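J.: The structure under discussion is supplied below as structure tokens; questions concerning it will follow.
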Amino acid sequence: MKSAKQRAIKLIDTLADDVTLEDIMEELLFLEIIQERIATADEDEVVSHEEAKRRLSRWLTSSGR
């Protein structure tokens, strides 16, 4: 796996030359969030869509909605 520095450099190299520092930071944050979500899914720490709907329904019922 590439280091964080290597991933950042690769991302920055793909961006337009007139990109702002804010744009770079947003892209890096987005990339990090995606990496974390993939790792979570790979570790089976997710619930199915059906389970999520069941939990949401139960929560909405218990909160008086």
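J.: Could you check the chain for helices (runs of 4 or more DSSP H) lying wholly inside it with 1 or more residues that are of a type in the set (Ser, Thr, Tyr), at pLDDT below 95 and touching a Gly at 6+ places or on another chain (Cβ under 7 Å)?
T.: Numbers: elements: 4-14, 21-42, 49-62.
By residue number, no helices (runs of 4 or more DSSP H) qualify.
J.: For residues in the stretch 47-61 being exposed (fewer than 10 other Cβ atoms within 10 Å of the Cβ) and of a type in the set (Ser, Thr, Tyr), which is nearest to the chain's Cα centre (by Cα)?
T.: Result: 48.
J.: Need pairs with beta-carbon distance below 8 Å; first residue farther than 18 Å from residue 8 by Cβ and within the stretch 28-49, second in a loop (DSSP other than H, G, I, E, B); sequence gap 6+ or separate chains.
T.: Once the first residue is farther than 18 Å from residue 8 by Cβ and sits in the stretch 28-49, its partners that are in a loop (DSSP other than H, G, I, E, B) give 40/46.
J.: With the structure loaded, tell me whether residue 54 is among the charged types (D, E, K, R), free of Cβ contacts under 8 Å to residues at least 40 places away in the same chain and touching a helix residue (DSSP H, G or I) at 6+ places or on another chain (Cβ under 9 Å) or whether it fails that test.
T.: When the stated conditions are applied, residue 54 does not pass them.
The values are calculated or read from the model by the stated rules, or taken from the named source; none is laboratory data. Quick caveat, the model's predicted, so the values are computed rather than measured. Methodologically, a virtual Cβ is constructed for each residue, glycine included, from the backbone with ideal geometry; neighbour enumeration extends over all protein chains shown.
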